1. Under 9 Å between Cβ atoms, which residue pairs at least 6 apart in sequence (or on different chains) link something in segment 15-44 that is in contact (Cβ under 8 Å) with a residue 40 or more places away in the chain with a partner that is aromatic (Phe, Trp, Tyr) and not in a loop (DSSP other than H, G, I, E, B)?
2. Pick out the one residue from GLY176, GLY117 that is buried (at least 24 other Cβ atoms within 10 Å of the Cβ), closer than 26 Å to GLU336 by Cα and not assigned by TED's automatic domain parsing to the domain that holds ARG70.
3. Evaluate segment 76-88: report whether one residue or more is more than 23 Å from the chain's Cα centre (by Cα), farther than 22 Å from MET38 by Cβ and surrounded by fewer than 23 Cβ atoms within 10 Å (Cβ to Cβ).
4. What number of residues within segment 245-268 satisfy the criterion of being within 22 Å of the chain's Cα centre (by Cα) and of a type outside the set (Phe, Trp, Tyr)?
5. Among ILE191, ILE180, ILE167, ILE213, which is the only one that is assigned to a helix (DSSP H, G or I) and among the hydrophobic types (A, V, I, L, M, F, W, C)?
6. I'd like to check something: does segment 185-198 contain any residue that is surrounded by fewer than 24 Cβ atoms within 10 Å (Cβ to Cβ), farther than 24 Å from GLY264 by Cα and hydrophobic (A, V, I, L, M, F, W, C)?
7. Among ILE143, ILE132, ILE109, ILE180, which is the only one that is away from ligand 1 (no atom under 16 Å from the Cβ), of a type in the set (A, V, I, L, M, F, W, C) and under 30 Å from THR198 (Cα atoms)?
Amino acid sequence: MSVAEPIGHEVLVEVRASGLCHSDISVAQTGMGGDWPMVLGHEIAGVVVAVGPSASRIKVGDHVVAAALRPCGQCRACLKGAVWACSQPDALDRGPDEKPRLEDEHGAIGQMTGLGGFAEKVLVHENQLVSIDPAMPFEQASIIGCAVATGGGVVLNVAKVQPGESIAVFGCGGVGLNAIQVAALAGATRIIGVDIQTDKLELAQKFGATDVIDSTKVDAVEAIQKLTESEGVDHAFVMVGVPQVTQTALQILGQSGTVYLVGGMSPGAEVHLHPSPGDSLLLPFQQGIRGTWLGSSNFYHDIPMYVDLYLQGRLNLDDLVSQTISIDDIDKAYEELERGGIARSVITFPAQS
Ligand SMILES: [Zn+2]
Ligand SMILES: [Zn+2]
């Protein structure tokens, strides 16, 4: 496979760390998400080794983190800072008459979310990159663009959690643990982690959960009502794409509480609402249910913020990188991720230059 030279605003990044995420499996299984065949991987940190003639924000030698978003920078959403809602992400692609960025003897090869991070080098549009403090280690930096930006972003940008508020997090994997630790930073005083795995609940406590619930052992609705003295929580984050968990979350909301759907749902998934005032508190308590996407992160702002918090010792990313592996071990690491036993594996690549 060959990688083209950067043109226009493109940047060639020597990848130093690339995180494994469940989304790569979803894309592989569904065949969605771009042009196949495709290089997967979308959590990248590395060093810039070449830039196209029009690149202006990113320079050779910069340490960069990539975001799994492709903001054009020109549309109404982008101009408002809502880069996750860009209306023309394909504007970052090469044109049909241009040589593909990646190709082999059979033709062009796609890049998941414009990145394709399971590779030693990636050629990306500079709009997908943020330069970071070179003091930041690559392994920890790589996971910021997805798991941290999503979990932290849904707490800060979407729910706007305030000091003294209460939250429940359903699913304490990479995204859930970040929601927990960022909610703790934001001053939430009751942070309830719910999961079906003991090791994840132990991590949840380490990341700042004030209470944890093993929903295989106790009824989560009863347990949360008891913890909150029947007041319910202000914010419930559903990190797992399971409709039944969403139903549970709707039952533990307090006055003006909101359920946030974070984890992807399977095609055809249904969630049932019971809006009658006789059946639920949805209307009388003015509760809500809200979809979210990548934590509504304006990553140009949020990624450097998470880097600062890590370097100040206030954001725990070390325990999120449960192991570093060689790219040759990727299949084994994905089997482990599917079993749900570990928080995160990160592929590391030696420096080439
Ligand atoms: Zn991801
Ligand atoms: Zn745009």
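1. Partner pairs satisfying both residue conditions: VAL15/PHE138; ARG16/PHE138; ALA17/PHE138; LEU20/TYR334; ASP24/TYR334; ILE25/TYR334.
2. Working: GLY117 fails: not assigned by TED's automatic domain parsing to the domain that holds ARG70.
The unique qualifying residue is GLY176.
3. Yes, segment 76-88 has at least one match.
4. Total satisfying the criteria: 12.
5. Going through ILE191, ILE180, ILE167, ILE213 in turn, the sole match is ILE180.
6. Looking only at segment 185-198, we keep the residues that are surrounded by fewer than 24 Cβ atoms within 10 Å (Cβ to Cβ), and these are 185-187, 189-190, 196-198.
So of that shortlist, the ones also farther than 24 Å from GLY264 by Cα come out as 185-187, 189-190.
Okay, now just the ones that are also hydrophobic (A, V, I, L, M, F, W, C), so 185-186.
There is at least one residue in segment 185-198 that is surrounded by fewer than 24 Cβ atoms within 10 Å (Cβ to Cβ), farther than 24 Å from GLY264 by Cα and hydrophobic (A, V, I, L, M, F, W, C).
7. Values: ILE143 fails: away from ligand 1 (no atom under 16 Å from the Cβ); ILE132 fails: under 30 Å from THR198 (Cα atoms); ILE109 fails: under 30 Å from THR198 (Cα atoms).
Going through ILE143, ILE132, ILE109, ILE180 in turn, the sole match is ILE180.
The values are calculated or read from the model by the stated rules, or taken from the named source; none is laboratory data. Nothing here was measured: the structure is a model prediction, and the numbers come from that model. So basically every Cβ, Gly included, is an ideal-geometry build from the backbone, and we count neighbours across all protein chains shown.
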